[in-house]
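One structure is given here, and the rest of the page talks about it.
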Amino acid sequence: MRAVSRAFGLLAISVGCISSICAVAAQPLKGKAQPLKKTGTLWNGAPEEITSYGKTPTLRTTPAIAGKLGLSIQHSPATINVVSHDLMMQRGYAQAEEAADSAPGVTSGGSPGSPAQLLMRGFSGNQILVLRDGIYFGPTTMVNRPQNSFNLESVQILKGPSSVLYGQGAVGGTEDMRTRDPTFDAPHANALLSYGSFNTWNAGIGGSAPITKTLAIRTDFSRTSSDGYVKGADPHSNDFTTTLLWKPTDKFTARLSMDYLTDRLSTYYGTPLVNLSQTGGRVGGLLSSSQGLGITKASMWRYYNVRNAQASSVNATPTLHLEWQVTPNILIHNSSYFIYSKRLWNNAESLSYIGSSGSTDASGNTIAPGRIGRDRFYVFQNQHQVGDSLYARFDSTIFGMKNRFILGGDAYYLRFIRNRGFPNADYADSVSLASPEQTELGDFAGEYPYKKSPTTMVQAGLYMEDVLTIRDDLRLVGGFRYDWLSLNRQNYNQDGSYSAATSFKGHYNPDNFRIGPVFDITKNVSVYGVYTTGEDPPGSNLFLANRGQFTRLSHSRQGEIGIKANAWDGRFTTTLAFYDIRRTRMLVATGVDTVATAGAQKSRGLEWQGDLILDRHWSLSGNVAYTYSRYGSFHPSASVDASGNQVPDVPAVTANLWAIWSRVQGLPLDLGAGMRYVSSRKGDYANTLTLKDYALVNVFAAWHAYKGVTMYGRIDNIGNKRFIQWADTSYPDQVLLGAPRSFSISVQAGF
């Protein structure tokens, strides 16, 4: 409770600051100011023109994730956070998920079976949309992969439902990972080399060069590898991106890019929960359980998977963007893409403590009490997806008022083949709790032949966006989208026969809208309100749903109000948002291959972000989020009634704080520290398991050795805090530990 009080104390201070901003922001800027006209970015439409003086404030930037109207963060009726490439490099974020965690109220986690999983505003998994350069890849938890930050220009976060902007699959929020573009001014090069604890290596090299006056290229390659903080997990990835940018005239641009990623996810699936009355040796400060469960000292940092575990993928995504400024008032943009992905999992994923005699494994051997029973689960995936998006932007006046209107459509075809298998037994084998044997995968009766589930999804949508500038200080933003969605879900039994009982076809027509005003109290302070709906596939992974589990799409609605402001010549920027979300007719994953109807979920809360540059040496940044999230009527199993329960893994309070001291005592030295706080969470649907709160402190030092070359030293989790990062409800007998204290040293260069 003390930590929660501190978090709300920080929020109270921020609200007090906001109340005084209006007067401060209206004061003239000190010193000589030069006018600066902000014109816009190349993709996603040219933004609104804003004339400011001195430094361009963060709120005046135009993120791609805000939609195609080209609105700045200040004038978008939504909560938007952007983590730039430079900030990711400075803070040592190796992957996009770490960058997303720095936004208010965002947490990441999940097992290797659900990589790149985020949680926002009380929703997680497939209720969070993950994009790559604005492109939808498919169900988030099944197909998205962790992305190396070196190849990215920014990680952008949009909170709340965004079905109007991006179609299906977004309730809690949307993450868009934007790759780096070529530049025409001169050749540029970047490099990164890092080594740290657990034999962790990060390396990257990339550059941009103009080939001619109208053609430029950028290429980036990065690699991450590690033994894993649980030795044996052995994650690594290789990410190659290249982009050709052709701009023959000021009115036409073509951007052809390719992203090629190969990876092996961490194969640490968790640490088993045990009956402490039988084992003793409890590790304190991690969790509490009304069932008497816990984690023992003997199991900390143990690797319970098989020695030759697999969780790998190959992903290739070519894209083509074309943009044509037909007239000063008409712009046309088209995006085409193709996605090929091949993924493989083959592991011992589920871990169960055997508390009594009578259990046997797949070979008929008796499992002694006190051992850990393991399953086997393999999945082979092939995905092919082709899509196109076309929109036109029209600038005009209506009764003397400026108006920008977007009319567009998009469509994609997705073919997804999923092959999977389990042994014909509750447990394939077992290992010791304290010293798990390093066994091979092995073959077990009932695994083969695999069960095959090909799924075809075709979606087409028409959408409109509009911003009407009623007065210079008042805008009305709206949008509408209508979709045609066709789903053909097929299941085949192990003998190859078609399973008519579980297969189905469905045709759905969701329609969604959003509307909200944005009012400028001053040029630097804006307030907004927005109402948004979302009708889309029902929450859980659509490629797991079977016949009879849902007949109608899920429906969501959100109301949000907020304020965005900057003051003191752009040195202080702050945002504050209040929201209320309700979702009905939703599905929730209750196992690795099962879903259940959860009925409704409601979530409400507030989010605050503040960034302050005190002077040329000191800067502070922080955020606080409060989330209240509960289920409506929900029976995940015959024995569990979760109605009214807290949604698992959702912390009531999260907070982040960073401080940087630049050019210490006139030396080419920067010192920085960061703190992350996550309050307690529930670890199961029945709310019998509580994951304890935790606070992590990270520190770094940067030495600017030469122009463009910086050396970093970092210590993460300097207090070596033990904590639980995630409890996967599909694996109820285990939890995932967070990383212990670690160090790294790195060299970054940019020319």
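Over the stretch 344-389, what is the relative contact order in percent, taking alpha-carbon pairs closer than 8 angstrom and at least six residues apart? Could you put the intermediate results ahead of the total?
Details: 62 pairs, mean separation 21.0, N = 46.
Across the stretch 344-389, relative contact order equals 46 percent.
Among rounded, prolate and oblate, which fits the stretch 150-285 when a ≥ b ≥ c are the square roots of the eigenvalues of its C-alpha gyration tensor, a/c under 1.5 means rounded, and a/b larger than b/c means prolate? Present the calculation step by step, with values, prior to reporting the outcome.
Details: a/c = 3.79, a/b = 1.81, b/c = 2.10.
Note, shape of the stretch 150-285 comes out oblate.
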Rounded FRET efficiency, nearest 0.05, which uses the C-beta distance separating Asn509 from Asp185 and R0 of 51 Å: 0.60
Pairs beyond 31 Å (Cα-Cα), from Lys247/Lys564; Lys247/Lys402; Lys231/Lys682; Lys231/Lys342; Lys682/Lys721; Lys505/Lys682: Lys247/Lys564; Lys505/Lys682
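For every helix of n ≥ 4 consecutive DSSP H residues, a contribution of -39,500 (n - 2.57) applies; sum these over the chain, divide by its total residues, and give [θ] at 222 nm rounded to the nearest 500 deg cm²/dmol.
My calculation for the chain gives -2000 deg cm²/dmol from helical runs alone.
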Euclidean distance of C-alpha centroids, the stretch 72-121 and the stretch 141-180, integer Å: 9 Å
Length gained when the stretch Tyr195-Thr214 is fully extended (0.36 nm per residue, less Cα-Cα span): 2.9 nm
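Averaged per residue, what accessible area in Å² does the stretch 306-375 show with a 1.4 Å probe, protein chains only?
Values: 2780 Å² over 70 residues.
Result: 40 Å² of accessible area for each residue.
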Relative contact order, percent, the chain [alpha-carbon distance under 8 Å, six or more residues apart]: 11 percent
Solvent-accessible area per residue, Å², over the stretch 701-751 with all protein chains present [probe radius 1.4 Å]: 48 Å²
Overall form of the chain per C-alpha gyration tensor (a/c, 1.5; a/b vs b/c): prolate
Sites Leu667 and Asp472, calculated FRET efficiency, Cβ-Cβ separation with R0 56 Å, nearest 0.05: 0.75
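At a Förster radius of 30 Å, what calculated FRET efficiency corresponds to the Cβ-Cβ distance of Phe338 and Thr439, to the nearest 0.05? Write out the running numbers ahead of the final one.
Working: r = 40 Å, r/R0 = 1.34.
Efficiency at R0 = 30 Å is approximately 0.15.
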Zone of His704's modelled label, taken as backbone nitrogen in the stretch 178-206 under 19 Å from a point 7 Å along Cα→Cβ: 189-192
Cα centroid separation, the stretch 249-316 to the stretch 448-465 (Å): 27 Å
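Which whole-number percent gives the relative contact order of the stretch 323-427, counting Cα pairs below 8 Å spaced six or more residues apart?
On the way: 217 pairs, mean separation 32.7, N = 105.
Averaging sequence separation for qualifying contacts and normalising by length gives 31 percent for the stretch 323-427.
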Carbon/sulfur fraction of accessible area - the chain, other protein chains in place, 1.4 Å, %: 59 percent
Cα shape, the stretch 366-417, gyration tensor, a/c 1.5 rule: oblate
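Expected output is a single nm value to one decimal: the length gained when fully extending between Thr397 and Thr522, i.e. 0.36 nm times separation in residues minus the C-alpha distance. What is it? All intermediate terms of the calculation are to be shown ahead of the outcome.
On the way: separation 125, 0.36 × 125 = 45.00 nm, distance 2.38 nm.
Contour length minus Cα-Cα distance gives 42.6 nm.
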Lys/Arg +1, Asp/Glu -1 at C-beta; the chain dipole; positive extreme among Leu293, Asn329, Trp618: Trp618
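The values are calculated or read from the model by the stated rules, or taken from the named source; none is laboratory data. If you're wondering where the values come from, they're calculated on a predicted model, not measured in any experiment. When we count neighbours, we look across all protein chains shown, and the Cβ atoms used for this are built from the backbone with ideal geometry, even at glycine. Side chains are part of the model used for accessible areas, which takes the heavy atoms of the whole protein and leaves out ligands, DNA and RNA. Shrake-Rupley method; radii C 1.70, N 1.55, O 1.52, S 1.80 Å.
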